[in-house]
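Structure first, then comments.
The values are calculated or read from the model by the stated rules, or taken from the named source; none is laboratory data. Everything numeric here is computed off the predicted structure, so don't read it as measured data. Ideal geometry is used to build each Cβ from the backbone, glycine not excepted, and the neighbour counts take in all protein chains shown.
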Amino acid sequence: MADVLFTGTQLAYLAAASLFIVGLKQLGSPATARNGNRLGAIGMAIAIVATLLDRQILGYRDIAIGLAIGTAVGAIAAYRVAMTAMPQMVGFLNGLGGLSSSLVAIGASWHAVTALQPMAGDQNFSILLGIAIGNVTFSGSVLAFAKLQGILPGGPVVLPFQKVVDGLLLVGFVVASGMFLQDTTNLPAFAIANLISLILGVVLVLPIGGGDMPVVISLLNSLSGLAASAAGFVVQNNALVVSGALVGASGLILTQIMCKAMNRSLGSVVFGGFGGGTSSGARGPETRTTKEIDSEEAAMLLGYARSVAIVPGYGMAVAQAQHAVRELADALEKRGVEVKFAIHPVAGRMPGHMNVLLAEANVPYSQLCDMEDINAQFENVDVALVIGANDVVNPAARSDRSSPIYGMPILEVDKAKHAIAIKRGMSKGFAGVENELFFANKTSMLFGNAKEVVAQLSAALKQL
């Protein structure tokens, strides 16, 4: 009977893993993303039920209490969180995933010591991997959350002798880990390894500025998966190993895609302190002037255009203007204007941030254009409407070799026949450099809250 239950559990895990893989594949396209999410949820439900029915479960009371508390807290948090705060929530959930994996490793080690049942060498190594990756993910994610939430400054904070500190912490962790592997009852060495890994997460994320936050969120997501996989080796659970590996691999692939979109290496993101500097070659706004436009004039430009490309950025997210933007797009289409949305991979605060917001507003997938596709079309665009985007449309990335964003692929809005930029003011982007687009002759600035300004544009269109 026990063998039958074991075989049934493993088959359930295999089915869950298959659903995870198919679900991940479908998450690669906005048109199938919702179905992919459902398949992943079904797979996770199968894995959880199979685990709960496994013969190794000794009692269900504590599990039921934990499920009830976690479900209540998660449901309330998900219901209350604003879409603009979604990056913070994703980052924090990544951290909780890392913390749970670390606690599993700590609990397994504590049980082995108190029960006088030493683990095999590979399990002890997995324990160390679990606490290292899990703790770094937890403390790093909490710090990323604090930066995104505005609790801490969003720019990079580089410690004196930063690389020396990083190196000493790594050496300290290796030494403490070696002492633990030699004697798994050496709890002080184990505690030191835990503490150092927590500090490492802080010092690694602290120098990273807001410009690199989408990459950091993606990387932390990958690390949370690797921590879960390590925890799976510790407790010998195949479903945890496979699902963690899938999350780790997909997160790392996404991280590389994000780095490519910024023309930066992962090492320069983690150790470069990008996001708060200034360009040595950038000229101050006092030496140039911008051309301001009001909503009526902007509505005329948009309403009599043949094609309009809307470029959303974090300013749209802050103002929660995605629904107003959809209404504006609908109003333009009723006038026979071709409307497309130009999406930069790192616009916003997390991977796919703009896609999530526009999907919430029910913008058709067919109107969303990736950077590579839309850049080839900008020369034929009559008006490009930039809503709160900054660094991702800055032509300095092509022309200013002294700029920290030089070489980063951008949305080539400056090639459109006209550009209208909606901003609250002339503040710089995450990279801390002036946007050359805003001072171009073909660009008009429309200042104000994005939601209010877009609503004014829609109202003015109706009066044409």
Given the criteria more than 30 Å from LEU358 (Cβ to Cβ), in a helix (DSSP H, G or I) and either out of contact with any Asp or Glu (no Cβ under 8 Å at 6 or more places or on another chain) or not aliphatic (A, V, I, L, M) (or both), does GLY91 qualify?
no
Looking at this structure, is THR114 surrounded by fewer than 20 Cβ atoms within 10 Å (Cβ to Cβ), hydroxyl-bearing (Ser, Thr, Tyr), assigned by TED's automatic domain parsing to the domain that holds ILE208 and out of contact with any strand residue (DSSP E or B) (no Cβ under 8 Å at 6 or more places or on another chain)?
yes
Select the helices (runs of 4 or more DSSP H) contained entirely in the range 282-361, then report the ones holding at least 2 residues which are touching a His at 6+ places or on another chain (Cβ under 9 Å).
314-319, 353-360
Check whether at least one residue in the range 82-105 is exposed (fewer than 14 other Cβ atoms within 10 Å of the Cβ) and out of contact with any Lys or Arg (no Cβ under 6 Å at 6 or more places or on another chain), and report yes or no.
yes
So which residues in the range 9-44 are outside any loop (DSSP other than H, G, I, E, B), within 22 Å of GLY251 (Cβ to Cβ) and aliphatic (A, V, I, L, M), if there are any at all?
ALA16, ALA17, LEU19, ILE21, VAL22, LEU24, ALA33, LEU39, ALA41, ILE42, MET44
